[in-house]
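The values are calculated or read from the model by the stated rules, or taken from the named source; none is laboratory data. Given the structure is predicted, the values throughout are model-derived calculations rather than measurements. Cβ coordinates were reconstructed from backbone atoms using ideal geometry, including for glycine residues, and neighbour counts include every protein chain displayed.
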Amino acid sequence: MRQGSAALLLLSLLFGSLLMGGTSRAHVQDHRVLFLYPDSDTIMATVTVTKAVQKVLMERAPLKIQTFSEFLELSRFPDETHRRRVVGHLAEKYAQARPDVVLALGPDALRIAVADRSALAPQASIVFCCVSPVTLATIEPPADVTGIVSEFDVSQTMALARRLQPNARHVVVIAGAAPFDLRWAQTARNQLSLDGQFDVRYLVGLPRETLLDEVGKLSRDTIVILLTVFKDGAGRDFVPGEMAEEIARASSAPVYGPYDTFLGRGLVGGYMDTFDAIGTQTAELILRILRGEDPRTIPPQRSTTQAFRVDARQLERWGLRESDLPHNTVVMFKTASFWEQHRNLALVAIATVLVQSAFLVFLLSQMRRRRLAELMLRRSEEHRESIQDEGRTRIAQDLHDSTAQHLTAIGLNLMRLREGTAPHTDTNKTLEEMKGSLNEATKELRAYIYLLHPPALQRDGLGPTLQRYVEEFGRRTGLRTEIRSDYKESKVSSPLQRSILRIVQEALSNVHRHASASRVSVHLRRVGKRLHLVVSHDSSGKISGSGEDPCMGIQGMSSRVERFGGRLRVRSSPTGTIVHAVVPVR
């Protein structure tokens, strides 16, 4: 019993799901849109509109939409019998699959859709495009018919031509012999109010050969306005765009027109809509209706893409100036400049040249700096060698003039003692003289040895060595001396310590030799990454680096400081002189 109940329940659920699935599929309904063309599918304008409408319906519609296309061939068969036959055929064809929306492309298709609505699609909404306001008023569609109104204003195209050809004296308007062509010619007569300013001719309904011959004879000061040629005076059918290309090629004057499909076929330009934009606007209206919006609440809308459009190649061909164009004119087919065509490549090339130039400048700068550094180093080496030579020369002179004289005196006295030529009473005196000379020579030799290689500096360090030297200097010269030291020995290299000691020695020596000072002060301190040495005395006499003692002067001290990247300054005033050396340290 339980198994039977379970099976019955399972069958019930399965049946219910099938019913629900069938019901949901019944709610999925395809929407049908019928494209109604006045002529064949060779008309570029209608082809462009159709592609734009279909693109929008496929991309934006959440519903499944089927599209159908029918071609009325009204230009080829304009009689009433053909119209009734076509309407009857379409009514029978779509009797079992009525369209939801009929899209009438152009005024002739709209007239048939409105007049034969009950036969074609009694329940369908009618949407139109590519119809002018004047033509729409003559059709008088019902309130539930909506669409896109395009203002094909020939007077605006004429205004463009007059700006580009201010010296024009003649105007020629061209149209074919089809009913649509004739209506267009009448519209042009109504819109063009030239008031005798031009010699105006209407070449309407001429045979193709005659028309091409006429436009070939036009003077250069003529403005040609081309409307449409669906049929010529000999009854032959044409595609308007192809005919426009023939006329523009044969014409001896610039040709203008109201359709963007004529651009690129030899026309200069005109005041135009783009059929691609018209198709997009039309598709939006169709979607609103398919989504359930009442078409009676959607009034016909004007196209929003009208603008002056010109072909840049034709401006150049006829010598027309782009500067004469109205503001915001769309210039098409303009030949891109080299910069526009190869902008990225040009930018890369410019960047490469700039980088290479910058690198070359950098290399040249480095080479120049290196040459300057080598020159300065060579001069510095020469200067240092010169100072060293002068120092050695001075030491040699001092040894010759003083130490050697003491030794010579000792030698002479020794000879006198050996020969016995000196009186006995003078022996002791001679020995005392020899002892004095020997002591003086020993002191001088020790001083030179200390100057060349001070052993106390390596043994005790710079601070104690300076302390002893300054104190000894004060005892020898009788000057009051003062020394202050505030730095860390480990942070100063041995070569720099020797140079500082030499600078102090040279400065104090120059104070003793060249300045009448009574007090001298030495201050060594570190500030940040710089070591400051200040030697000052209370005399206004300047330390000289030339003349009697160049090695021990400013020149020698500056050379020692510059070897370590430092600088030396000497400032003199009535109250004293200051020698200030600044050397960078780690």
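Taking the residues in region 253-273 that are small (G, A, S) and assigned to a strand (DSSP E or B) as candidates, determine which candidate is farthest from K334 (Cα to Cα).
G270
Being modelled with pLDDT under 95 and in a helix (DSSP H, G or I) is the filter here, so list the residues in region 199-242 that pass it.
If the condition is that a residue be modelled with pLDDT under 95 and in a helix (DSSP H, G or I), then P240, G241, E242 are the ones that fit.
Going by what's in this entry, would R480 be described as touching a residue at least 12 places away in the same chain (Cβ under 8 Å), touching a helix residue (DSSP H, G or I) at 6+ places or on another chain (Cβ under 9 Å), surrounded by fewer than 16 Cβ atoms within 10 Å (Cβ to Cβ) and basic (K, R)?
Values: touching a residue at least 12 places away in the same chain (Cβ under 8 Å): yes; touching a helix residue (DSSP H, G or I) at 6+ places or on another chain (Cβ under 9 Å): yes; surrounded by fewer than 16 Cβ atoms within 10 Å (Cβ to Cβ): yes; basic (K, R): yes.
So R480 fits the description; yes.
Any idea which residue in region 329-374 is modelled with the highest pLDDT, counting only those that are surrounded by 10 or more Cβ atoms within 10 Å (Cβ to Cβ) and in a loop (DSSP other than H, G, I, E, B)?
Filtering region 329-374 for residues that are surrounded by 10 or more Cβ atoms within 10 Å (Cβ to Cβ) and in a loop (DSSP other than H, G, I, E, B), the one modelled with the highest pLDDT comes out as T329.
Which of the residues that make up region 87-108 are of a type in the set (A, V, I, L, M, F, W, C), touching a residue at least 24 places away in the same chain (Cβ under 8 Å) and farther than 22 Å from L136 by Cβ?
Just the residues of region 87-108 that are of a type in the set (A, V, I, L, M, F, W, C), to begin with: 87, 90-91, 95, 97, 101-105.
With touching a residue at least 24 places away in the same chain (Cβ under 8 Å) added as a condition, the list becomes 87, 90-91, 97, 101-105.
Result: L90, A91, A97.
Out of region 278-310, which residues are in contact with a strand residue (DSSP E or B) (Cβ under 8 Å, 6 or more places away or on another chain) and part of a helix (DSSP H, G or I)? Show your work before the answer.
From region 278-310, those in contact with a strand residue (DSSP E or B) (Cβ under 8 Å, 6 or more places away or on another chain) are 278-279, 281-282, 285-286, 289-290, 295, 298-303, 305-310; that's our starting set.
Passing the criteria: I278, G279, Q281, T282, L285, I286, I289, L290, P295.
Okay, residues lined up against (1) in the same structural domain as S252 (by TED's automatic domain parsing); (2) closer than 23 Å to F308 by Cβ; (3) out of contact with any Cys (no Cβ under 9 Å at 6 or more places or on another chain):
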position: I139; (1), (2), (3): no, no, yes
position: A143; (1), (2), (3): no, no, yes
position: R162; (1), (2), (3): yes, yes, yes
position: I174; (1), (2), (3): yes, yes, yes
position: A177; (1), (2), (3): yes, no, yes
position: W184; (1), (2), (3): yes, yes, yes
position: L206; (1), (2), (3): yes, no, yes
position: D221; (1), (2), (3): yes, yes, yes
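Do we have any residue at all in region 289-301 that's farther than 27 Å from C129 by Cβ and among the hydroxyl-bearing types (S, T, Y)? Steps first, answer last, please.
First, the residues of region 289-301 that are farther than 27 Å from C129 by Cβ: none.
Among the residues of region 289-301, not one is farther than 27 Å from C129 by Cβ and among the hydroxyl-bearing types (S, T, Y), which makes the answer no.
Select from region 41-98 the residues that are modelled with pLDDT under 90, of a type in the set (D, E) and buried (at least 16 other Cβ atoms within 10 Å of the Cβ) and list them in ascending order.
Those that are modelled with pLDDT under 90, of a type in the set (D, E) and buried (at least 16 other Cβ atoms within 10 Å of the Cβ): none in region 41-98.
So which strands (runs of 3 or more DSSP E) stay within region 105-195 end to end and still have 2 or more residues that are closer than 30 Å to P207 by Cβ? Break it down stepwise before answering.
Details: elements: 125-131, 145-149, 170-175.
So the answer is 125-131, 170-175.
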